[in-house]
Amino acid sequence: MIVPLNSFSGNGFSNGWYANCEKDTSLWVDHDQRLFQLHLNHWMRAFRGSTNSNKIQKCDQIISKRLVLVQRDGEFNLFHSMTDFVNIFINYLMILGKNVQEGYYYEILEKLGDQVFTHSEYKKYLQEEYPHLKMDSLVCFEEVLMVTPGGSCFLMKDAWRPNPCRESDILKAFSTYITRKVLQGHHLVRRRGHPHQDPIKIVFSTRKVKETAATIYRRIMNEDELKQALENDPILKHKHNVEIKFIDFGQVGSIQAQIRIIHQETDILIGGHGAGLTHTMWLPEEAVLVELFPSGFHSSFFRNLAKWRGIQYLAMQNDKSENVVDAHMHWTKIDPEEFVQLIRAAVNIVEHHHLGTGIHAVAFDGTNENHHL
């Protein structure tokens, strides 16, 4: 089972920690003060008041299942939540990786269960699984894994500047594991037909928010205009075989349904900078990510994620003052003509990838580098 750290605070079961081990502080050597302050400090604070097991009189319940403790790094944000899950995956690889055969990462998280419990869900789970327990019961766990906090995940490293690394094996393993679990092994690798028969599927990740949602940053304010420009472009209509969808993933439903759309029905993913582009994690390898930026704002979060996944990345930034709708909120319009030209380039990349021919795509991504396929 997986529970967040705050499940053990307040009026939760046992109201405290009791450690069946000796805490050897001599081993807590901090070679980098920032490492302790940023990554370990919260765990140390959580166990600061723990006592040794010789003071424990009796366990009301001993649970043999491995308990995985997770410090959530922004549970309402898809990108930050993903750092938690990537760290769970990495921690399991470190612990079990030496004792399993090749391909272990496909099944290695099966023991984790199906969800990360919230505080209330964890209490409900214990009460249903062990109905005789009272709220002041002392619950003992035989094995506890404290996952590295999400903020320490390599997805956050150099997030505001281009990272030179490419094609992360660990990230590909994580992506493969999740897509295999969601798709149950069926159609995991999408086999595209010839571009003239099998349309290139373009998905624009839109954010259909209410007018009262004034706190939403980085909105693309002319999405309908961009959609019309794509649908009416003569080159995309007649020279290429494309299928265009604007999807609000917040309205799709479960994360499993969203992953299916991305992995099986998306060749080009487009969107403004935001957590929705975390779905780059599930794109097929021949796909392209297109990120849209307002003027005065840039981040390499998803540029780096695309590179680590081996996904081609293109981007454009509004550079026209008349397209700035709200500078403080980073609300912007995107020039339709420039946008269509960029999508044409993305379509060419997908087509050439399928045909096995190499092309160069040069685009703004903070590095001015050439992308060779």
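Derivation of every value follows stated rules applied to the coordinates shown; laboratory data play no part. Keep in mind that what you see is a predicted model, and the values were worked out from it rather than measured. As a convention, Cβ positions derive from the backbone with ideal geometry for all residues, glycine included, and neighbour counts pool all protein chains shown.
The simple Förster model, with R0 at 51 Å and r as the Cβ-Cβ distance, assigns Glu337 and Asn91 a FRET efficiency of 0.60. For the peptides 224-232, 342-350, 284-292, the ranking by mean Cβ contacts within 10 Å, running from highest to lowest, is 284-292, 342-350, 224-232. Distance between the modelled labels on Ile216 and Ile62, one decimal in nanometres: 5.4 nm (7 Å Cα→Cβ projection). For Glu142 and Lys172, a Förster radius of 30 Å and the Cβ-Cβ distance give a FRET efficiency of 0.35, rounded to the nearest 0.05. A full extension of the chain between Ala257 and Glu231 corresponds to an added length of 6.8 nm, given 0.36 nm per residue minus the alpha carbon distance. When each of the peptides 166-175, 250-259 is scored by how many other beta carbons lie within 10 Å of its residues on average, the order from highest to lowest is 166-175, 250-259.
The relative contact order of region 313-354 comes to 33 percent, based on Cα pairs under 8 Å that sit 6 or more residues apart. Charged side chains reduced to their Cβ positions (Lys and Arg at +1, Asp and Glu at -1) give region 224-346 a dipole of some 360 debye around its Cα centre.
Over 18 Å apart at the Cα level, from the set Lys239/Lys320; Lys201/Lys320; Lys227/Lys333; Lys201/Lys227; Lys201/Lys239; Lys245/Lys307, are Lys239/Lys320; Lys201/Lys320; Lys245/Lys307. When each of the peptides 303-313, 141-151 is scored by how many other beta carbons lie within 10 Å of its residues on average, the order from highest to lowest is 303-313, 141-151.
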